[in-house]
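Reviewing the structure listed below.
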Amino acid sequence: MVWGTRLSPELWRLLYSLLKQIHEGGCTKSDTIDTQIRFVKSVLRYHGYGRSEFYQLPSDGSVGSRELLLAFSWLLHRINLLEQLLSVNRVKIRDETSLCTGDSKLGECGDNLLKSWKGMTELAPEPGLKNEVDIRYLQWLNGRLRFQWRSLHVDYQEQCKLLYKIHVYTNGSHMDQTVGHFSVTETDLIRQPDNYKQLMQLLESETSRLEAFLEWKQLEPVYWQWMETVLDTMVEDVITCSAQDICSKKTTLANAPLCYCSADNIVEEIDQLTKDLVILGDGLCDVVTCKKSEWHEKIKGRERELLDEKEFSEAIGKIHEAVELKLSELKYQCAHKKNKMHGPCRLVFKDKHPASKMGFGRSRAKEALMNVSASELINELRMKEARLEKELKQLQEECRHKLTEVVDGMDSMICIPPMKR
């Protein structure tokens, strides 16, 4: 199988455009090939792709078509690349929000972190020393993160206010009595009826994507059979390269000049090596004896420290608190395991109830089971926040204790805590 160098730039652009749609909502044509390659490598490293040959590919995109094909296949299998593309490009006619009450795993909620990849790769102040982290740079990052988080929170609040107004003003106007109000898209169509042509085009393009996906699912087994042949070819190439290296080493040894030594010289060298080994063995025994004595002294000193009842009781108390915290978390997870939700949910305003309801279902019979009121969800998230804050305070206290121990071991060292805002 022959892999051409012309395919490599096209495959880099393909991976870049696909991953950019998932993680940043669209690709930028003005990006250079070097920027595209760095982005693709960072995303694959984030998802856990561990093939070192892929990350060693040059930044000009001249070679590596087979490695890129392997990476693309890995994305298809590992993160369900095509399904995510369909979800990102789905036409949203109803008002929805993302909901997650389970664990924040990489496969579920962690993908949203990559949406800020562009901000993380911007130029930042260089640290003062090459191999050390400047605390001012960390403070700058922390302040920037706080500012962006507050701005995002304000934007979401404004969006919720506008959404609430639309639901209230259009309540009772919808033909579907289970909803009762118009969504933002439906309200925009009522105000500007000419926009229905654009919506129809979007729906037609989505239909074509779904048809292509169904066709792909029929041909997918053929693709994976072909990928097996690609992997077999790679294994054969590795075996061939290793065989050539062995042959070259044998040739080098065969061409090397031969040295003939007498039997007496060989015996003398063996005797000398035996003496050297005896000397090294004696030295190692002395080193092991010294190390054992040092470790015994350290163990005795540690035992004396543990005999202090105050420190021992404090350590036991912290262990009990950690165990209780973990047990409460496990009990909560077991009790709410069936009620965990993840993914997009439809927002529906209910005038008869004090709070809105959120749910996502394929049929009306299932909607009654899958709907959850916003007040219940807020209470659940507040309980989770309280547990996380408790765990955070415990970790902070442990860090303070460790820092105190470190500072006590340093002479003429004073730690000044930061000013409270």
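The values are calculated or read from the model by the stated rules, or taken from the named source; none is laboratory data. This is a predicted model, so every value here is computed, not measured. Positions of Cβ are generated from backbone atoms using ideal geometry, with glycine treated the same way; all protein chains shown enter the neighbour counts. Areas reflect the complete protein model, heavy atoms only, side chains present, ligands, DNA and RNA absent. Shrake-Rupley method; radii C 1.70, N 1.55, O 1.52, S 1.80 Å.
Structure notes:
- Taking all protein chains into account, the per residue accessible area for the stretch 1-89 stands at 50 Å² (1.4 Å probe).
- Positive dipole terminus of the stretch 49-99, leading residue within ASN89, SER62, SER52 (C-beta point charges): ASN89
- Expressed as a whole percent, the accessible area of the stretch 1-89 that falls on carbon and sulfur atoms is 52 (1.4 Å probe).
- Between LEU99 and GLY343, CYS345, the built amide H atoms are under 5 Å apart, and every one of these is 5 or more places off in sequence or on another chain.
- Listed residue pairs exceeding 19 Å between alpha carbons, taken from LYS92/LYS197; LYS292/LYS402; LYS326/LYS384; LYS331/LYS393: LYS292/LYS402; LYS331/LYS393
- Calculated FRET value between GLU297 and VAL63, using beta carbons and R₀ = 56 Å, to 0.05: 0.45
- Charge-dipole axis of the stretch 134-182 as Lys and Arg at +1 and Asp and Glu at -1 on Cβ define it, positive-most pick from LEU152, ILE166, TRP140: TRP140
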